[in-house]
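Input: a single structure, listed below in C-alpha coordinates.
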Amino acid sequence: MTLQPNQFNVSDLDSEIAVDGRCCELLKQFHQQLLQEGIDPLEAGQIAHGADYFLRDFIIADRYMNLFTIEPCCVRQFAGHWYIIKNLEPNIKELATILQGVAVFYAYLHQNGHVSQSLSEQIQTETADLELYSGRIDQFWQIIARDRLFETRCSRI
(Lines give C-alpha, C1' and ligand atoms only; values in the text may rest on other atoms or scores of the structure.)
Protein backbone atom coordinates (compact mmCIF):
# COMPACT_ATOMS: atom_id res chain seq x y z
CA MET A 1 0.00 0.00 0.00
CA THR A 2 1.49 3.30 -1.12
CA LEU A 3 0.58 5.96 1.40
CA GLN A 4 -0.88 9.15 0.05
CA PRO A 5 -1.91 11.30 3.01
CA ASN A 6 -4.55 13.15 0.99
CA GLN A 7 -6.39 9.81 0.65
CA PHE A 8 -7.04 10.01 4.40
CA ASN A 9 -9.18 13.15 4.24
CA VAL A 10 -12.65 12.65 5.71
CA SER A 11 -15.55 14.84 4.60
CA ASP A 12 -18.65 12.63 4.56
CA LEU A 13 -19.83 9.11 5.34
CA ASP A 14 -18.50 7.65 2.08
CA SER A 15 -15.04 9.08 2.63
CA GLU A 16 -15.13 8.01 6.29
CA ILE A 17 -15.76 4.40 5.24
CA ALA A 18 -12.98 4.53 2.64
CA VAL A 19 -10.51 6.14 5.05
CA ASP A 20 -11.41 3.63 7.76
CA GLY A 21 -10.51 0.81 5.37
CA ARG A 22 -7.21 2.46 4.45
CA CYS A 23 -6.48 3.00 8.12
CA CYS A 24 -7.09 -0.71 8.79
CA GLU A 25 -4.55 -1.60 6.12
CA LEU A 26 -2.05 0.85 7.56
CA LEU A 27 -2.57 -0.57 11.05
CA LYS A 28 -2.00 -4.10 9.74
CA GLN A 29 1.31 -2.96 8.26
CA PHE A 30 2.17 -1.29 11.55
CA HIS A 31 1.37 -4.49 13.46
CA GLN A 32 3.49 -6.56 11.08
CA GLN A 33 6.38 -4.14 11.55
CA LEU A 34 6.13 -4.53 15.33
CA LEU A 35 6.26 -8.31 14.96
CA GLN A 36 9.27 -8.07 12.61
CA GLU A 37 11.03 -5.96 15.25
CA GLY A 38 10.68 -8.89 17.63
CA ILE A 39 7.99 -7.46 19.85
CA ASP A 40 5.99 -10.12 21.65
CA PRO A 41 2.81 -10.86 19.64
CA LEU A 42 0.51 -10.04 22.56
CA GLU A 43 2.24 -6.71 23.19
CA ALA A 44 2.29 -5.91 19.47
CA GLY A 45 -1.45 -6.56 19.35
CA GLN A 46 -2.08 -4.29 22.33
CA ILE A 47 0.00 -1.51 20.82
CA ALA A 48 -1.78 -1.78 17.47
CA HIS A 49 -5.16 -1.94 19.21
CA GLY A 50 -4.40 1.27 21.12
CA ALA A 51 -3.53 3.08 17.91
CA ASP A 52 -6.60 1.59 16.22
CA TYR A 53 -8.98 2.86 18.91
CA PHE A 54 -7.54 6.37 18.86
CA LEU A 55 -7.44 6.62 15.07
CA ARG A 56 -10.59 4.86 13.94
CA ASP A 57 -12.99 5.74 16.76
CA PHE A 58 -11.77 9.22 17.62
CA ILE A 59 -9.76 10.82 14.80
CA ILE A 60 -11.68 9.39 11.85
CA ALA A 61 -15.20 8.58 13.08
CA ASP A 62 -15.66 11.30 15.68
CA ARG A 63 -13.48 14.16 14.44
CA TYR A 64 -13.45 13.52 10.68
CA MET A 65 -9.75 14.35 10.63
CA ASN A 66 -6.84 13.19 8.53
CA LEU A 67 -4.57 11.09 10.76
CA PHE A 68 -1.48 12.53 9.09
CA THR A 69 -2.34 16.15 9.84
CA ILE A 70 -3.71 16.04 13.39
CA GLU A 71 -2.63 18.57 15.97
CA PRO A 72 -0.86 17.15 19.04
CA CYS A 73 -3.63 18.62 21.23
CA CYS A 74 -5.94 15.93 19.78
CA VAL A 75 -4.23 13.45 22.09
CA ARG A 76 -5.13 15.59 25.11
CA GLN A 77 -8.71 15.99 23.87
CA PHE A 78 -8.97 12.25 23.45
CA ALA A 79 -7.30 11.16 26.69
CA GLY A 80 -8.48 13.97 28.93
CA HIS A 81 -12.10 14.03 27.87
CA TRP A 82 -13.41 11.86 25.03
CA TYR A 83 -12.05 8.53 26.29
CA ILE A 84 -13.38 9.27 29.79
CA ILE A 85 -16.94 10.08 28.79
CA LYS A 86 -17.24 7.45 26.05
CA ASN A 87 -16.23 4.43 28.15
CA LEU A 88 -18.26 2.65 30.80
CA GLU A 89 -15.26 2.10 33.07
CA PRO A 90 -12.52 4.57 32.15
CA ASN A 91 -9.26 3.74 33.87
CA ILE A 92 -5.65 4.80 33.62
CA LYS A 93 -4.32 1.30 32.97
CA GLU A 94 -6.37 0.90 29.80
CA LEU A 95 -5.77 4.50 28.75
CA ALA A 96 -2.00 4.15 29.24
CA THR A 97 -2.01 1.13 26.92
CA ILE A 98 -3.96 3.06 24.30
CA LEU A 99 -1.64 6.04 24.56
CA GLN A 100 1.40 3.79 24.22
CA GLY A 101 -0.09 2.57 20.94
CA VAL A 102 -0.61 6.14 19.74
CA ALA A 103 2.96 7.10 20.61
CA VAL A 104 4.50 4.06 18.94
CA PHE A 105 2.28 4.46 15.87
CA TYR A 106 3.28 8.09 15.31
CA ALA A 107 6.95 7.18 15.84
CA TYR A 108 6.42 4.51 13.14
CA LEU A 109 4.88 7.08 10.81
CA HIS A 110 7.84 9.40 11.39
CA GLN A 111 10.38 6.63 10.82
CA ASN A 112 8.71 5.94 7.49
CA GLY A 113 8.70 9.61 6.46
CA HIS A 114 4.95 10.19 6.74
CA VAL A 115 4.87 12.74 9.57
CA SER A 116 7.38 15.27 10.82
CA GLN A 117 9.75 14.64 13.68
CA SER A 118 8.13 17.58 15.45
CA LEU A 119 4.65 16.04 15.28
CA SER A 120 5.95 12.67 16.45
CA GLU A 121 7.81 14.26 19.38
CA GLN A 122 4.83 16.40 20.38
CA ILE A 123 2.58 13.35 20.34
CA GLN A 124 5.14 11.50 22.49
CA THR A 125 4.93 14.36 24.99
CA GLU A 126 1.12 14.39 25.03
CA THR A 127 0.84 10.63 25.44
CA ALA A 128 3.31 10.63 28.33
CA ASP A 129 1.25 12.97 30.56
CA LEU A 130 -0.35 10.08 32.45
CA GLU A 131 -0.55 12.03 35.71
CA LEU A 132 -2.85 14.59 34.07
CA TYR A 133 -5.07 11.90 32.56
CA SER A 134 -5.18 9.91 35.77
CA GLY A 135 -6.31 13.06 37.58
CA ARG A 136 -9.02 13.66 35.00
CA ILE A 137 -10.30 10.10 35.42
CA ASP A 138 -10.29 10.52 39.20
CA GLN A 139 -12.25 13.77 38.86
CA PHE A 140 -14.75 12.02 36.63
CA TRP A 141 -15.34 9.28 39.21
CA GLN A 142 -15.70 11.90 41.96
CA ILE A 143 -18.39 13.66 39.94
CA ILE A 144 -20.17 10.36 39.30
CA ALA A 145 -20.06 9.50 43.02
CA ARG A 146 -21.35 12.95 43.96
CA ASP A 147 -24.19 12.71 41.43
CA ARG A 148 -25.17 9.27 42.72
CA LEU A 149 -25.21 10.58 46.27
CA PHE A 150 -27.35 13.52 45.19
CA GLU A 151 -29.77 11.22 43.34
CA THR A 152 -30.03 8.97 46.40
CA ARG A 153 -30.80 11.92 48.64
CA CYS A 154 -33.34 13.35 46.19
CA SER A 155 -35.13 10.03 45.77
CA ARG A 156 -35.90 10.02 49.49
CA ILE A 157 -37.80 13.28 49.27
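The values are calculated or read from the model by the stated rules, or taken from the named source; none is laboratory data. Everything numeric here is computed off the predicted structure, so don't read it as measured data. Heads up, the Cβs are rebuilt from the backbone with ideal geometry, glycines too, and the neighbour counts pull from every protein chain shown. For the accessible areas, the whole protein counts, side chains as well, though only heavy atoms, and no ligand, DNA or RNA atoms are used. Shrake-Rupley method; radii C 1.70, N 1.55, O 1.52, S 1.80 Å.
Given contacts defined as C-alpha pairs under 8 Å and at least six residues apart, what's the relative contact order of the range 1-77, whole-number percent?
Values: 49 pairs, mean separation 30.2, N = 77.
Once divided by the residue count of the range 1-77, the mean separation gives 39 percent.
Under DSSP H, which helices of the chain have Cα atoms covering 18 Å or more of the helix axis and a Kyte-Doolittle average no less than 0.0?
Flagged H segments are 92-111.
Can you compute the radius of gyration and Dmax for the chain, using only the Cα atoms, both in Å?
Using the Cα atoms of the chain, the pair Rg, Dmax is 17.7, 65 Å.
About the Cα centre of the chain, what is the dipole size in debye to 20, counting +1 per Lys and Arg Cβ and -1 per Asp and Glu Cβ, all else neutral?
Approximately 520 debye in magnitude.
Once fully extended, how much extra length lies between residue 86 and residue 134, figured as 0.36 nm per residue of separation less the alpha-carbon to alpha-carbon distance? Before the final figure, lay out the partial values.
On the way: separation 48, 0.36 × 48 = 17.28 nm, distance 1.57 nm.
Length difference between fully extended and current span is 15.7 nm.
Return a whole-number percent for the relative contact order of the chain, with Cα pairs under 8 Å and 6 or more residues apart as the contact set.
This gives 24 percent for the chain.
How much of residue 71 can a 1.4 Å solvent probe reach, expressed as accessible area in Å² and rounded to 10?
Number for this one is 110 Å².
Along its three principal axes, how long is the range 51-139 when you only count alpha carbons? Whole Å, largest extent first please.
Largest first, the range 51-139 extends 38, 25, 17 Å along its Cα principal axes.
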